[in-house]
Amino acid sequence: MLLLDLDTIARHERVDAFQYAMDQSVPNEVVHEDPGPGVRARFERWEVGGVVLFRSSSTGFEVRRTDRHLRRLRQRPVVSFTLQTRGTGRVELGGQQGAFGTEDICVLHEVSARTYGWSGTGAADAVIIDAERLALPVDVVVDACFRLRGSPLYDLVLGHLRGLWRDPARLEADPGAPALAGATTELVRALLLTAAHDTTAPPARAAMADTLVTRVLAHVRRNLTDPELTFDRVAAEHAVSRRHLYTLLGRAGISFEQWVIEQRLDLARTMLASPAHRGLGIAAVAARCGFPGPSHFARRFRAAYGLTPREWRRQAESEPGGRPEPPLDQR
């Protein structure tokens, strides 16, 4: 949903409109790099199962939030996890200063005094979670801000957050959105705890244990194309026994082998329907999706979708949207 587009607002009203948009939960002092009529900004918002995705792009600015501003908090506080997509974000928090680029996650608690912004034209994507849902003290979030890269979960969480932005409108309407929001909350909570504490400390160890299933599934998704991906190997790579991992997945209602096949089949039918992969033969698609051979792949595909891979591709080429609908009993 579009929240603000200063290009649609009279030039002499843009600074005030920007200030109003930034003051919706906590009043702020906003300082523009160039406060003239050339100020530009665009804000968009989606909600995925209770987690908010907020996209912003603008000319240079700085938002200053002091203790005086925080005394006027009007809503339930939130915690933001921001990915800079253009330019360099700059933060001053708790007496420390930092710069954030495209490989960084910037985490800020709404009730912490800080300065945030960027110079020149910049853009950022923020995942925003209710602080009550995250259930962490403000000092843990503040302590973690400049230490996130020290967490063993950093790369996993960075990839997960980026994935949320591939198609936020589709995720917003997906029936699995609440589960995705829950997994996202657990992952970022574990990231903060393992960054703020030594990984051997009880809070960090508990967070690692609580997110094991989420981490395992994310690992499998990243390695679907590897035909050597096995249950034993996944358990070993996460330093747990086969029995323990089997029990945890069972409690989550997941059969490892069946889940892997379903994920590979979904990847395969996406590739078969994609114009970018029409030059690949069926055997090549099967290999790229981790299947041991084209016959095995075709048999699994037909059992799941009621069509052979070749029939699915042919139907996709004739569909206006480029992807056929599966049979009713497979939807």
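Quick look at the values:
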| quantity | calculated |
| --- | --- |
| Unmet criterion (only one of (1) within 28 Å of the chain's Cα centre (by Cα); (2) in contact (Cβ under 8 Å) with a residue 60 or more places away in the chain) for Glu33 | (1) |
| The one condition in (1) part of a strand (DSSP E or B); (2) surrounded by 17 or more Cβ atoms within 10 Å (Cβ to Cβ) that Ala99 fails to fulfil | (2) |
| Any pair with Cβ under 7 angstrom, 6 or more apart, that starts in segment 231-249 at a residue that is within 12 Å of His219 (Cβ to Cβ) and ends at one that is among the polar types (S, T, N, Q) | Ala235/Ser241 |
| Criterion (farther than 20 Å from Leu191 by Cα, assigned by TED's automatic domain parsing to the domain that holds Thr194 and at pLDDT below 95) met by exactly one of Leu108, Leu70, Leu136, Leu93 | Leu70 |
| Lone qualifier among Ile128, Ile105 - being among the aliphatic types (A, V, I, L, M), closer than 25 Å to His197 by Cβ and in contact with a helix residue (DSSP H, G or I) (Cβ under 9 Å, 6 or more places away or on another chain) | Ile105 |
| Meets criteria (modelled with pLDDT of 90 or more, over 30 Å from Glu47 (Cβ atoms) and either part of a loop (DSSP other than H, G, I, E, B) or of a type in the set (Lys, Arg) (or both)) for Arg162 | no |
| Within segment 16-33, tally of residues that are aliphatic (A, V, I, L, M) and over 11 Å from Leu4 (Cα atoms) | 3 |
| Residue satisfying all of: in segment 28-69; among the basic types (Lys, Arg) and in a strand (DSSP E or B); nearest to Arg170 (Cα to Cα) among these | Arg45 |
| Test for Gly120: is it under 24 Å from the mean Cα position of the chain (by Cα) and either of a type outside the set (Asp, Glu) or at positive phi (or both) | no |
| Leading residue by the ranking (nearest to Ser318 (Cα to Cα)) among those in segment 253-284 that are loosely packed, with under 12 Cβ neighbours inside 10 Å and in contact (Cβ under 8 Å) with a residue 12 or more places away in the chain | Pro275 |
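The values are calculated or read from the model by the stated rules, or taken from the named source; none is laboratory data. Please read all numbers here as calculations on a predicted model, not as lab measurements. In this analysis, Cβ positions are derived from the backbone assuming ideal geometry, glycine residues included, and neighbour counts consider all displayed protein chains.
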